[in-house]
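Here is the structure we will look at, set down as structure tokens.
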Amino acid sequence: MADRSSALLRFFFGTMGSGKSTQALQIHHNLRQGGLACLLISQLDRTHGRVSSRLGVSADAIVIDPSMDLFALVRRHHEDLDGELHAVVCDESQFYEPHQVEQLARVVDELGIEVYAFGLLTTFQGVMFPGSARLMELADVRSELQVEARCLCGARATHNARLVNGVQVYDGEMKVVGDTGGEATVTYALMCRRCWTSGRDLARQTSLFDGEARPTAPAGRIVVDLTDSGSPTDGASPFDGAGTGPDDAVVSSSG
Ligand SMILES: [Zn+2]
């Protein structure tokens, strides 16, 4: 039986490319190597039940959706393991519903199971994902992943930008898959706040017009194309070592 007094809810956050999925997989691996039962869950259904990192590792995962009761899910596995489940590792936790984050807090407090949640902090609109906001509010430990990515201007990249056909946009659904079925190609880029803000302002101005006057992409902007979700090792990243990859993409749920 786990020691109920010591389990913690930990939230690790970072931009795209900060290695969140890689670290989630590392913790999952280390715990299992140590003989500890560990559950890996993710909200991204395009992973088809696996969490993968562009660094080449992956592991089976339970894919959840917004309707699922995470406390009940974890408790069921805990009981199946005769009360020996040690930890739950949560990938893409920015997409969890706030009430699901509260269920994770109950997993810690009532079942004595460790929870390690990994996620993006802010959307392409520069505001917190609801799930990440709840994690910030409830977590015992909040930790920013320190793998740094750089904006093309050289400053530290802190913001996630969405680009449609290479142009930063500000309006749209929180989750959008790369292939929208039309002519538009959706990609994501890492930027510093200054570049992100100027791109957003341009997008806002342009949206006042009738869709005719589209802004041109800032010259030389490097775009992290996360639309190819094939092999985790596919595609060169402009941010060497930053772990930018499909695992950290913001994508839609299907359907
Ligand atoms: Zn910049």
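Data table
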item	result
Amide H within-cut-off set for ILE62, under 5 Å, with H built and near neighbours excluded	LEU40, ILE41, SER42
Theoretical gain in end-to-end length, ASP109 to GLU144 [0.36 nm per residue, Cα-Cα removed]	10.3 nm
Modelled FRET efficiency - R0 41 Å, HIS29 with ARG204, Cβ distances, 0.05 increments	0.40
By average C-beta atoms within 10 angstrom, highest first, the peptides 149-158, 115-124, 15-24	15-24, 115-124, 149-158
Per-pair calculated FRET efficiency, R0 = 41 Å: VAL127 and ASP80 via Cβ, rounded to 0.05	0.60
Order of LEU135, LEU70 under a 10 Å beta carbon neighbour criterion, fewest first	LEU70, LEU135
Difference of contour (0.36 nm per residue) and Cα-Cα distance, GLU137 to THR185	13.8 nm
Formal net charge of residues neighbouring ARG10 (Cβ-Cβ distance under 9 Å; K, R +1; D, E -1)	-1
Two-site label geometry, SER6 and MET174: point separation in nm, points 7 Å out along Cα→Cβ	3.5
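Every read-out reported here was derived from the displayed coordinates using simple, explicitly stated rules and does not represent laboratory data. Since the model is a prediction, treat every value here as computed from it, not as a measurement. Because the Cβ atoms are built from the backbone with ideal geometry, glycine has one as well, and the counts that use them run over all protein chains shown.
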